[in-house]
1. Looking at Asp56 and the list (1) under 14 Å from the mean Cα position of the chain (by Cα); (2) over 28 Å from Asp97 (Cβ atoms), which single condition is not satisfied?
2. I'd like the residue in the range 92-107 that is at pLDDT below 75 and among the hydrophobic types (A, V, I, L, M, F, W, C) and, out of all such residues, is surrounded by the most Cβ atoms within 10 Å (Cβ to Cβ).
3. Please specify each residue of the range 26-46 satisfying the condition of being of a type outside the set (A, V, I, L, M) and free of Cβ contacts under 8 Å to residues at least 12 places away in the same chain.
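The values are calculated or read from the model by the stated rules, or taken from the named source; none is laboratory data. All values reported here derive from a predicted model rather than from experimental measurement. A quick note on method: Cβ atoms are made from the backbone with ideal geometry, for glycine too, and the neighbour counts reach across all protein chains shown.
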Amino acid sequence: MEEERLKKLGEYIKLLREAEGMSQEELAKKSGFAGRAAISAIEKGKNNISIERLPDLAMALRTTPGELMDVLIETDEKPITFGLNAENIAKLKSYADYLRSNQEDKS
């Protein structure tokens, strides 16, 4: 059961990384992991992420630790993506950034 959850989290992390247009090496640098191999192991569900490292990884992926934790507690076979692929997730994140910047301009 634990292996399935780690694999699901890894798949979700990969989806988010690809939506950001980042390589595994770039994600490792932004999140403070040792290198590409560490991110690869996480994405394959072969490496457990400590709770202390989750915020760094979440920040690099422009998400929250809570969102990553939610993936771990879901019971579905696949991560929740609402049917979106990496390209559409990237578009949604860009739109959210656009909305945030417009909101800040009005303040």
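1. Of (1) under 14 Å from the mean Cα position of the chain (by Cα); (2) over 28 Å from Asp97 (Cβ atoms), only one is false for Asp56: (2).
2. Leu92
3. Glu26, Lys29, Gly35
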